[in-house]
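The values are calculated or read from the model by the stated rules, or taken from the named source; none is laboratory data. None of these values were measured; they are calculated from a predicted model. Cβ placement follows ideal geometry from the backbone for every residue including glycine, while neighbour counts extend to all protein chains displayed. Note: areas computed on protein heavy atoms with side chains; ligands, DNA, RNA excluded. Shrake-Rupley method; radii C 1.70, N 1.55, O 1.52, S 1.80 Å.
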Amino acid sequence: MIAYILETARASGLFDVIHVSTEDEHVRKTVENLGLTIDFMRPPELADDYTPIMPVLKYVTDEYADRGNKFDEVWSLMACAPFVESGDFHGAADMLPRAGGHRAVLAVSQYPVPIEWAYSRADDGSLTPEMPGMFAVRSQDIEKKYFDTGTFAAFPNAMVRDSDGPGSDSAYVGYVLERKKAIDIDDESDWGLAESMFHSLHR
């Protein structure tokens, strides 16, 4: 899985350094077998299941700065994004300078149905509309909404280095991914969907 995003990053030709942030020796060896070197490992305090991504990006950026490597941009590429293509990176890279140096580019995709039609579901199965009455509004009359695909984001260096804590969910512009590329594999259900999509695309 990690090989795909690394090869896609290399094929784009955009990046001076491709760093895999991990505390895991198995991941390190896998990455080295793919021809990349991990310059330093992630510290344990940034490697639990609850650490947000921004403190990790800040650590990596600061560590490279201490070693004399300073970059204009810092990108976060997620390993579980098997359908992103190098052209998507180029599209986002074109957007980043136009964001004015104080906003990041986030890969987003359009919700398949209006979020205004959402329900919450109780343990007994009862449904409660989040926005009562919106069921009667036609989808074509509702403004389109977008979600973070969990695939990649591109930041100006200063935005990462000046960040505090988990970061923010504002100051982004959206690079729109096709829905078929917006698969973020977190569990077996996602994996099954990705396999079906892969076989369909390569049939």
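Which one of W75, G125, A92 is farthest out on the positive end of the charge dipole of the chain, using unit charges on Cβ (Lys, Arg +1; Asp, Glu -1) and the Cα centre as origin? Highest projection toward the positive end goes to A92.
Each residue of the range 154-167 was assigned a 3J(HN,Hα) from its phi angle through the Karplus curve 6.51 cos²θ - 1.76 cosθ + 1.60 (θ = phi - 60°); the sequence is 10, 10, x, 3, 4, 5, 6, 5, 8, 5, 9, x, x, x Hz, with glycine and proline shown as x.
The largest accessible area among R161, R179, R121, R203 belongs to the first residue in R203, R121, R179, R161, and the rest follow in falling order (1.4 Å probe, all chains). Only beta bridges with both residues in the chain are counted; by DSSP, about 70 percent of them are antiparallel.
Model label sites at E178 and R161, defined 7 Å from Cα along the beta-carbon direction, differ in position by 3.8 nm. Given R0 = 45 Å, the distance between the Cβ atoms of D123 and M197 translates into a calculated FRET efficiency of 0.90. Only helical runs count toward this figure. For the chain, summing -39,500 (n - 2.57) over DSSP H runs of n ≥ 4 and dividing by all residues gives -10000 deg cm²/dmol at 222 nm.
One decimal place: the segment D186-E32 gains 53.0 nm when fully extended, by the rule 0.36 nm per residue minus the C-alpha distance. When you restrict to C-alpha pairs under 8 Å that are six or more residues apart and normalise by the size of the range 72-203, the relative contact order lands at 40 percent. As an equivalent ellipsoid, the range 108-167 spans semi-axes of 33, 17, 10 angstrom, where each value is the square root of five times an eigenvalue of the C-alpha gyration tensor, largest first. For T22, the residues 5 or more places off, or on other chains, whose built amide H falls under 5 Å of its own are R42.
Only Lys, Arg, Asp and Glu carry charge here, each on its Cβ (+1 for the first two, -1 for the last two); on that basis the chain has a dipole of about 780 debye about its Cα centre.
Segment L14..D66, full-extension length gain: 16.5 nm, with 0.36 nm per residue of separation and the alpha-carbon distance subtracted. Only lysine pairs 8 or more places apart or on separate chains count here, and in the chain those with Cα atoms under 19 Å apart total 5. Note on the chain: with a GNM built from Cα contacts shorter than 10 Å, the maximum mean-square fluctuation among S168, S120, S12 falls on S120.
What is the ratio of the Cα radius of gyration of the range 82-143 to 2.2 N^0.38 Å, with N the residue count, to two decimals?
Scaled against compact globular proteins, the figure is 1.72.
So, for the range 145-199, what is the accessible surface per residue at a probe of 1.4 Å, expressed in square angstrom? I get 58 Å² per residue for this part.
Quick check: at a probe of 1.4 Å, how many percent of the accessible area of the chain sits on carbon and sulfur atoms?
50
By the compact-protein rule of thumb, 2.2 N^0.38 Å, the alpha-carbon radius of gyration of the chain corresponds to a ratio of 1.15. Excluding ligands, DNA and RNA, the accessible surface per residue across the range 1-140 is 60 Å² with a 1.4 Å probe.
A simple spin-label model places pseudo-atoms 7 Å from Cα toward Cβ; at S168 and R98 they are separated by 2.2 nm.
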